[in-house]
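My questions will all concern the structure given below.
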Amino acid sequence: MEGQIITRALKKLIRDHNLPDVCFHSLRHSSITYKLKWSGGDIKAVQGDSGHARADMVTEQYSHILDEDRVANARRVDEQVYNQQPQQSKSDSNNNGINPTELLGQIFANPEMGKAFQAFLQQYQNNA
């Protein structure tokens, strides 16, 4: 009974505010994911907050979150221990050699692309 009340309230909230359709459990998954990220991977603290009986339940389900942070942690170690910035690979580069001004120029040089880009921006602003 209680679950139905929560589900109906969530569905109404989603409908009233034109939000993406999600199930209540996915909010729990997101909460645990962000707690792991923000706590720096403190599995025991997240386990206690989430109500999981064992820490390995958290690590099995959410280990991909911790894996994502390994590269960032390695860079931090390089910076602190070796007092140097690690070299960026081409895949790490934010712009991959693309000049944003030139890119926009190319987009707007094609009228159809320009209209599509403007429609995208309008939709983005409406959803923000």
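The values are calculated or read from the model by the stated rules, or taken from the named source; none is laboratory data. Keep in mind that what you see is a predicted model, and the values were worked out from it rather than measured. Note that we place each Cβ from the backbone using ideal geometry, even for glycine, and neighbour counts take in every protein chain shown. For the accessible areas, the whole protein counts, side chains as well, though only heavy atoms, and no ligand, DNA or RNA atoms are used. Shrake-Rupley method; radii C 1.70, N 1.55, O 1.52, S 1.80 Å.
As an exercise, use a Förster radius of 30 Å and the Cβ-Cβ distance of residue 23 and residue 119 to find the FRET efficiency, rounded to the nearest 0.05.
So the FRET efficiency works out to roughly 0.45.
Report residue 71's accessible area, 1.4 Å probe, all protein chains in place, as a number in Å² to the nearest 10.
Looks like 90 Å² after rounding.
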